Amino acid sequence: MHPKLLNTALAVDEIMHHDISPLCAADIRDQLQKRFAYLSGGRGQDGSPVITFPDYPAFGDVPDQDFQNVMTYLTSIPSLQDAGIGFILVIDRRQDRWTSVKASILRIAASFPANLQLVLVLRPTGFFQRTLSDLAFRFNRDDFKMKVPVIMLSSVPELHGYIDKSQLTEDLGGTLAYCHSRWLRHRTAIESFALLVKQTAQMLQTFGTELAETELPNDVQSTSSVLLAHTEKKDRAKEDMRLALVEGRRVLESIHEPLARSPDQSPNQDQLDSQSTVHRLLAQLNETEAAFDEFWAKHQQKLEQCLQLRHFEQDFREVKSALDVLAQKVTTFTDVGNSLAHVQHLLKDLTGFEEKSSAAVQRARTLSQEGERLIEHKHYAVDSIRPKCHELRHLCDQFAADVERRRGLLGKSLELHGLLEASMKWCDEGIYLLASQPVDKCQSQDGAEAALQELERFLETGAENKIQELSKIFQDYEPILTKDLLEHVQRVFQKQESVEEMFHRRQASLKKLAAKQTRPVQPVAPRPEALTKSPCPSPGIRRGSENHSSEGSALRRGPYRRAKSEVSEGRQGRGGSTGDEESLAVLRRHVMKELLDTERVYVEELLCVLEGYAAEMDNPLMTHLISTGLQNKKDILFGNMEEIYHFHNRIFLRELENYTDCPELVGRCFLERMEEFQIYEKYCQNKPRSESLWRQCSDCPFFQECQKKLDHKLSLDSYLLKPVQRITKYQLLLKEMLKYSKSCEGAEDLQEALSSILGILKAVNDSMHLIAITGYEGNLSDLGRLLMQGSFSVWTDHKRGHAKVKDLARFKPMQRHLFLHEKAVLFCKRREENGEGYEKAPSYSYKQSLNMTAVGITENVKGDAKKFEIWYNAREEVYIIQAPTPEIKAAWVSEIRKVLTSQLQACREASQHRALEQSQSLPLPTPAGTSPLKASTRNIKKLEERKTDPLSLEGYGGPTPQQRAPEKGKGWSKTSHPSETPEDNDGWSSTEEPVNSSDAEEEGRAGPGKLVPGRYTVTRLDEKGVSDVLALRSGDEVELVQEGDEGLWCVRNLSSGVEGWVPARSLSTLLCQGGPVGCLSSPESSAGSAVLSPSSSCSESCTAALADLQG
């Protein structure tokens, strides 16, 4: 601590002479107010202080202690120099008696605490008392044995001979102005100020000791708290010093005040001493403040440096931890890519990682620079800061070197994959060139020479596109050659050699043809069927060859249709099957490329949305832009998009890349991950809520700011639709791949994957409809799996009810949306509800439901091929259903029949189980004639026999104890009567036993055995003549266009486009079991159950995305 702070209190005591006499005016204020003695400020000729004892009648009554205190205090006021000369006592006893004079002199002589120079006594003025005093003083001189002379004065003029009149007060005939009360106030104020200065000094001394003994904390928070607390205490101390200075100046002004009122009057020595005392106290206080400021500056600097050090250490720990994490992540970038696009994606990821890491690296470098600045400013902890700065620079340099090394490896990988891609593209174009050369033109000498030149020109392009030396590739790219990449290089090189060999063989053949012809060669024209069947080129081929050199422009002129037809033409002459397979392989690779490219774009778009929008909703800097209606609704707006992104980025995309070289097997990838695709159902179910929220908050500044940062041309809602569009895109790509892979190993997997994706789309579509049902009090999940749903026109015909209502219901249909579950069918009314924006979201108001255990169907209704009946409780309730098309009707009838058949099978198994239990529990068997089990078994066998008849559609009934013979053309349930059955009853129910059905042709309607226009599938080829006419194969689809005369039907082969007239009897053996009305495997039925209807989406945007499936 500063030494001046320690000496201030001593200096104050010295100034105030408290080291000699600790008394203060405030302590003996009452005694001083008696004024039996006072220090007027006058001085003798040699500067001796004058103490006056005025005429005070009660002088003898003053207690000795009070007298002693006053004497001690008065003698302590003059300076030590003046007091050393000695005091002059003036005792005024002019109005007193001699006895009192004697007593006063004796008391003063005995108790005066300081040196005396002279004692002047004004004796009594009365004649008697003056005479008495002269005699008594003369005879009693020995009684006044004092160290100084005592002079008895008879008058004031005599006194003036010893002390100048200017040094005496007015009562002694002098001119010295003196006010005892004012003198007492000044002394009290001076001493109070001195005490304040002393206390301030002691306070600063204590505070300085506390600061000096404070230990520096080890963390930022504690250091900040200590610095704040010390600063607050310092401010209070400075305020106390300011107040003390103000008090000292006020005291000084009060001393100057009398002199200001009387400019002619000069200050006496006492006043000058008082001014000097105050000035000295003020000077001491200023010195104390300066010393404290100097001490505080050092202490504050140390605390601030400590705080800087703690901040530096804390930031160092955070930055080092972040750099360690980055270094760990860099080590995970080990993949060198398996394709050119993959390597580009990895490079983009590495660049993105480097950009994201740049903030942490820059922070580390900035922190290192900050540490260097601390060292430059003479920080007390240089030895601790300098090593940390060196470590930060080393970590940053190491991270940059690691990233640059990874970029170098990926650059080599990109270069290698570029070579491989160029080689593969060269091979594909070579195969395309071989496949596209016209056979008929090559038969002539000129044509052969032209084709030969074309091949030579193409081979010349191989110098810059082919892999020249395999060993050099291995040497140049050894650091990145993994096992898989090495095998890929070898496969590409082998393919390149194979293509070159094909070119050499073609060149040899063309050289022979280019030689002089000895006989003409008959050109072969391509078959029309081949022209019809040949596919159009894939868009990917055209995109891939747009930037090819001008020499290869002729390769793109002819479409794939011509190439494939000519390849099929020339199979026998030049081994065309190999070229055809190569062409299909090129198409498959282009489809695979499109699948991978679009998948990568899709993943990047999802990541862009999640980072650019979803993550920003949690950014505190963006909170002010988020509207109230959008707060805490991120899950509603984005659904489970993050889950979808992680599935595609971490799993599906990487697995797809493994099928780059074998695209025909990609169906397995879809099948293995089919369960994970169920996450799209959750996303689509949330889509209406997301769209509603978007419509409410689309003008929020938050979205505009995010879109601006991302530089997106489209708004967020376009990207929220991407998952819906993507799940519908897969089935199109799988169809395309399947078209080019029918003879490959993975064709079955592709077909199964396509069916599974379509099933997921149907489930997604159905679930979006289910969540829109309102008014149903039960749990929809209790109704079993949703099989089908769609909109129909419905007429009702109930036995009970008002006649007018029945008549009205027959003519005016109700528009109902039906939901077919495994256990019930629901009737709902579709409602278009106005949304809050420009779109409308449909909902379904629940009306009623029918339990499938009590449902029966009539498959055909006279007069309309699109109608069928659903009846309930033995036709107490009949619903006539009109489908939009016959195909949709057939699909619904087929699906309802499957449900009822499964219920019948379950009923039969339960009956058999109960009969078996009864037979085991009864001692005697039941007679055969009375066994309901046997009767039921016989009936079930009849049912199975009828089901095996492809042209039989008969009604079914449940097992009943009493069988009635049905009338011709009628069928009924176990509770119905013949008189109540409808005229047209092709229906059946799971609760009825099979009975004979009426002949549909006798009723004038298309029965199960009568052909109707529609699409069919060829099941067998017994009629060879018909097969030859239509070029039919098993599994082909045909369309019955119209019925002609003499039992002939106009039939079109949808596979080849050939049309012809075929007898109806021949069609019965060729086609599947009946027409669209009753065919269980009709293509129309299958499509009807899998296709998403136009009303399948919960909003217009979802409808547009899912509508691709209709094609």
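The values are calculated or read from the model by the stated rules, or taken from the named source; none is laboratory data. Not measured: the values here are computed from a predicted model. Here the Cβ is made from the backbone with ideal geometry for all residues, glycine too, and neighbour counts use every protein chain on show. What goes into the accessible areas is simple: the full protein's heavy atoms, side chains included, and nothing from ligands, DNA or RNA. Shrake-Rupley method; radii C 1.70, N 1.55, O 1.52, S 1.80 Å.
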Counted residues, the stretch 151-204 - those being part of a helix (DSSP H, G or I) and either open to solvent by 60 Å² or more (accessible area, probe 1.4 Å) or of a type in the set (A, V, I, L, M) (or both): 24
Of all residues in the stretch 880-908 being more than 27 Å from R1015 (Cβ to Cβ) and over 52 Å from the mean Cα position of the chain (by Cα), the one that is surrounded by the most Cβ atoms within 10 Å (Cβ to Cβ): L904
Residue in the stretch 828-837 that is modelled with pLDDT of 90 or more and either loosely packed, with under 15 Cβ neighbours inside 10 Å or in a strand (DSSP E or B) (or both) present: yes
Unmet requirement for T660, which otherwise passes all of (1) open to solvent by 70 Å² or more (accessible area, probe 1.4 Å); (2) within 21 Å of R589 (Cα to Cα): (1)
Of the criteria (1) modelled with pLDDT of 90 or more; (2) more than 30 Å from N686 (Cα to Cα), which one E877 fails: (1)
Odd one out for L714 among (1) under 19 Å from the mean Cα position of the chain (by Cα); (2) not in a helix (DSSP H, G or I): (1)
Those residues of the stretch 93-112 which are of a type outside the set (A, V, I, L, M, F, W, C) and surrounded by fewer than 22 Cβ atoms within 10 Å (Cβ to Cβ), in sequence order: R94, Q95, R97, T99, S100, K102, S104, R107, S111
Residue in the stretch 415-436 that is assigned to a helix (DSSP H, G or I) and more than 57 Å from the chain's Cα centre (by Cα) present: no
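One line per residue, one yes/no per condition, for (1) open to solvent by less than 30 Å² (accessible area, probe 1.4 Å); (2) part of a helix (DSSP H, G or I); (3) in contact (Cβ under 8 Å) with a residue 12 or more places away in the chain; (4) of a type outside the set (F, W, Y):
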position: Q271; (1), (2), (3), (4): no, yes, yes, yes
position: L282; (1), (2), (3), (4): yes, yes, yes, yes
position: N286; (1), (2), (3), (4): no, yes, yes, yes
position: W296; (1), (2), (3), (4): yes, yes, yes, no
Neighbours by Cβ (under 7 Å, 6+ apart or cross-chain): first from the stretch 625-640, farther than 15 Å from L606 by Cβ; second among the charged types (D, E, K, R) and surrounded by 17 or more Cβ atoms within 10 Å (Cβ to Cβ): I636/R689
Boolean, Q707 is open to solvent by 60 Å² or more (accessible area, probe 1.4 Å), assigned to a helix (DSSP H, G or I) and out of contact with any strand residue (DSSP E or B) (no Cβ under 7 Å at 6 or more places or on another chain): no
Considering residues of the stretch 495-517 that are under 11 Å from S423 (Cα atoms) and out of contact with any Ser or Thr (no Cβ under 9 Å at 6 or more places or on another chain) only, the residue most open to solvent (accessible area, probe 1.4 Å): E497
Which listed residue is part of a helix (DSSP H, G or I), among the polar types (S, T, N, Q), within 30 Å of I51 (Cα to Cα) and open to solvent by less than 70 Å² (accessible area, probe 1.4 Å), from T277, T231: T277
Criterion: within 60 Å of the chain's Cα centre (by Cα) and within 29 Å of M241 (Cα to Cα) - qualifying residue of T188, T214: T214
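Every residue, every condition in (1) touching a Ser or Thr at 6+ places or on another chain (Cβ under 8 Å); (2) loosely packed, with under 14 Cβ neighbours inside 10 Å; (3) in contact (Cβ under 8 Å) with a residue 24 or more places away in the chain; (4) small (G, A, S), yes or no:
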site: R317; (1), (2), (3), (4): no, yes, no, no
site: L323; (1), (2), (3), (4): no, no, yes, no
site: Q328; (1), (2), (3), (4): no, yes, no, no
site: F333; (1), (2), (3), (4): no, no, yes, no
site: A341; (1), (2), (3), (4): no, no, yes, yes
site: L347; (1), (2), (3), (4): no, no, yes, no
site: E354; (1), (2), (3), (4): no, no, yes, no
Which listed residue, of S40, S104, S100, is polar (S, T, N, Q), closer than 21 Å to H180 by Cβ and assigned to a helix (DSSP H, G or I): S104
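Here's the yes/no breakdown for (1) over 27 Å from C662 (Cα atoms); (2) modelled with pLDDT under 55; (3) among the aliphatic types (A, V, I, L, M); (4) surrounded by fewer than 19 Cβ atoms within 10 Å (Cβ to Cβ):
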{"residue": "G573", "(1), (2), (3), (4)": "yes, yes, no, yes"}
{"residue": "T578", "(1), (2), (3), (4)": "no, no, no, yes"}
{"residue": "V601", "(1), (2), (3), (4)": "no, no, yes, yes"}
{"residue": "A615", "(1), (2), (3), (4)": "yes, no, yes, yes"}
{"residue": "P620", "(1), (2), (3), (4)": "yes, no, no, yes"}
{"residue": "S627", "(1), (2), (3), (4)": "yes, no, no, yes"}
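Yes/no per residue for (1) touching a His at 6+ places or on another chain (Cβ under 7 Å); (2) in a helix (DSSP H, G or I); (3) closer than 13 Å to F670 by Cβ:
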{"residue": "C744", "(1), (2), (3)": "no, no, no"}
{"residue": "L750", "(1), (2), (3)": "no, yes, yes"}
{"residue": "L754", "(1), (2), (3)": "no, yes, yes"}
{"residue": "L758", "(1), (2), (3)": "no, yes, yes"}
{"residue": "N765", "(1), (2), (3)": "no, yes, no"}
Residue in the stretch 845-879 that is farthest from S793 (Cα to Cα), counting only those that are open to solvent by 50 Å² or more (accessible area, probe 1.4 Å) and in contact with a His (Cβ under 8 Å, 6 or more places away or on another chain): E876
Hits in the stretch 451-470 (condition: part of a helix (DSSP H, G or I), open to solvent by 80 Å² or more (accessible area, probe 1.4 Å) and within 17 Å of E415 (Cβ to Cβ)): E464
Tabulated pairs, the stretch 426-447, first under 24 Å from A515 (Cβ atoms), second β-branched (V, I, T) and open to solvent by 10 Å² or more (accessible area, probe 1.4 Å), C-beta under 8 angstrom, 6+ apart or interchain: V439/V524; D440/V524; Q443/V521; S444/V521
